[in-house]
Amino acid sequence: KQEVTQIPAALSVPEGENLVLNCSFTDSAIYNLQWFRQDPGKGLTSLLLIQSSQREQTSGRLNASLDKSSGRSTLYIAASQPGDSATYLCAQCRSGGGADGLTFGKGTHLIIQP
Amino acid sequence: ETGVTQTPRHLVMGMTNKKSLKCEQHLGHNAMYWYKQSAKKPLELMFVYNFKEQTENNSVPSRFSPECPNSSHLFLHLHTLQPEDSALYLCASSQDPKGGNEQYFGPGTRLTVT
């Protein structure tokens, strides 16, 4: 069974710190991996998408990496701000032949203290 | 504001009611998805539609009935639900395969079954 695991489940850090969120997946047949942000009671906002042929993607203060051989991805957040407080979800897509659903982790609940 | 809208945003229904959730995407995508997000559980894929055809049903009970009249609209018809069906229902869309299966989510419908 395909599984995605996120560690830690929750994280609280002071403003300004750099931090790393971890995601691991069991299915080696990965097409892409997508990181999302979810604010309380809201939908998902896509942050970064890494194709299986790529090793990393960057957007502003965010950097996501992908290591297929070890089944891991990390999301690096630089110079954290209180507005970064949210739940961060990673999701794996297996197939690229057409539309395919995503398998999600449970998320990391992040709090940035002012 | 995303290119995927969902109505209603909140819904309370009794176990004998029949209701429908609506999703519309304004992104020109060909694939649409329904996901369920329950407390303490990862997002779960329910259904996938590609060019109006259902391509995946993730063992969803028949009390949930999807409908996709065209590539821009997706419905989820609900009848005789159970209290454990209370959850946030999220719709997503993607352009596949050219779009690399990057999925864009709506804000969700918060469903409470009494």
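Here is how the numbers come out for the structure above:
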item: Separation between Cα centres of segment A:64-83 and segment B:58-80, rounded to whole Å; result: 35 Å
item: For chain A, Cys with no neighbouring Cys Cβ under 4.7 Å; result: A:Cys93
item: Global geometry of segment A:49-114, whether rounded, prolate or oblate, following the gyration tensor of its Cα atoms and the 1.5 cut on a/c; result: prolate
item: Most mobile of B:Pro83, B:Pro42, B:Pro69 in a GNM of chain B (Cα contacts under 10 Å); result: B:Pro42
item: Calculated FRET efficiency for the pair A:Ser28/B:Asn70, C-beta based, R₀ 30 Å, to 0.05; result: 0.25
item: Shape category assigned to chain A from the gyration tensor of Cα positions, a/c cut at 1.5; result: prolate
item: GNM result for chain B, Cα springs below 10 Å: residue of B:Leu74, B:Leu45, B:Leu27 fluctuating most strongly; result: B:Leu27
item: Max mean-square fluctuation residue, GNM over chain A, Cα-Cα springs under 10 Å, options A:Gly60, A:Gly16, A:Gly43; result: A:Gly60
item: Full-stretch length increase - A:Gln113, A:Ala10 - with 0.36 nm per residue and alpha-carbon distance subtracted; result: 35.7 nm
item: Point-to-point label distance, A:Gln81-B:Lys41, nm (Cα→Cβ direction, 7 Å offset); result: 3.6 nm
item: Normalised contact order of chain B, rounded percent, pairs of Cα under 8 Å and 6 or more residues apart; result: 37 percent
item: For segment B:1-101, convex hull of alpha carbons as volume per residue, Å³; result: 108 Å³
item: Efficiency of FRET between A:Gln2 and A:Arg61 - r from beta-carbon atoms, R0 22 angstrom, step 0.05; result: 0.15
item: Label zone at B:His10 (point 7 Å along Cα-to-Cβ), backbone N below 15 Å, segment B:85-114; result: B:87-89, B:108-114
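Coordinate-derived values only; no laboratory data. Keep in mind it's a predicted model, so treat the numbers as computed, not measured. Using ideal geometry, Cβ is built from the backbone for each residue, glycine included, and neighbour counts are taken over all protein chains shown.
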